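Only one structure is covered here, and it is reproduced in the block below.
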Amino acid sequence: MSKNPDWTRDQHLLAFRLYNEIPFGSIHTGNPKLQSLANLIGRGINAVSLKLANFARLDPVQQKRNIKGMSHGAKGEEEIWTAYLQNPEAIALESDRVLATWTGKTVEDVAEIETYDLPPEGTERAAVVKIRANQSFFRRRVLSAFDFKCCVTGLTSPTLLNASHILPWASDKTNRLNPKNGLCLNALHDRAFDRHLMWIDQTGLVRFAPNLRTSKGQNASAVEWLTRREGQPLILPEKFAPDSAFLKEHAAKCVTKSYS
């Protein structure tokens, strides 16, 4: 048997999955997530680190930063990347299924999907799991891009952070898993953004609907906390900065509702 057999499709999928859930700066041999993957697939930690760096050579965001892996990476990397570009939802779900198989878990477990409200086993459940698994993939990708930091407040508690779609999941199928269609927000500002009470203006500054402060019965101190970042710049990530066209479209809806 070859001492270093070629990477299989499963192994490439698992490496691709990890590439999308950790910040680029954490791709190094001291990261326990890389060691965990190395142990799972029977590869050395250096090989896993290099594989993730090789995925970066295909990433347009990293190409602009002149980040490179090996000049001639493996064909398997290109196959996975191309397949993802063609059908991101299918590849995201396949990577979860592969991880579930390799770890002896369920897709629900590896994608961290709540199961209490899932339908019974069958076609309907499979459809719901697919949607939630893809939403989980989007969450991991956006939060890692923002280095697990709220882009409005700087809050770094993962349990309080959401991956907010700029253009809604239901209305824009093309950009459902596009990390440039996402913001890392704490739960309250995520709600305000989703309800068109908060937006990012064309200069990249945070804005809030005036009626947040003028509505009767409001708790002044609570509203002050929510809106205190008014006029401050968004905390932008190095990787996958939000698309300005998406932000402009969202802002236009917010302004229309706020001043109508």
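Just a few scattered comments:
- Filter pass, Lys180 being free of Cβ contacts under 8 Å to residues at least 12 places away in the same chain and assigned by TED's automatic domain parsing to the domain that holds Glu249: no
- Scope region 135-170; condition of a type in the set (Phe, Trp, Tyr) and either touching a strand residue (DSSP E or B) at 6+ places or on another chain (Cβ under 7 Å) or not in a loop (DSSP other than H, G, I, E, B) (or both); matching residues: Phe137, Phe138, Phe146, Phe148
- Filter result for the condition that a residue is of a type outside the set (D, E, K, R), crowded, with 19+ Cβ neighbours inside 10 Å and under 25 Å from Glu238 (Cα atoms), over Leu99, Leu85, Leu52, Leu93: Leu52
- Selection of region 16-44 for residues being under 22 Å from Thr82 (Cβ atoms), under 16 Å from the mean Cα position of the chain (by Cα) and part of a helix (DSSP H, G or I) yields Phe16, Arg17, Leu18, Tyr19, Phe24.
- Among the residues listed as Asn66, Asn31, Asn4, the single one being at pLDDT 80 or above and not aromatic (Phe, Trp, Tyr): Asn31
The values are calculated or read from the model by the stated rules, or taken from the named source; none is laboratory data. What you are looking at is a predicted structure, and each value in this text was computed from that prediction instead of being measured. Ideal geometry is used to build each Cβ from the backbone, glycine not excepted, and the neighbour counts take in all protein chains shown.
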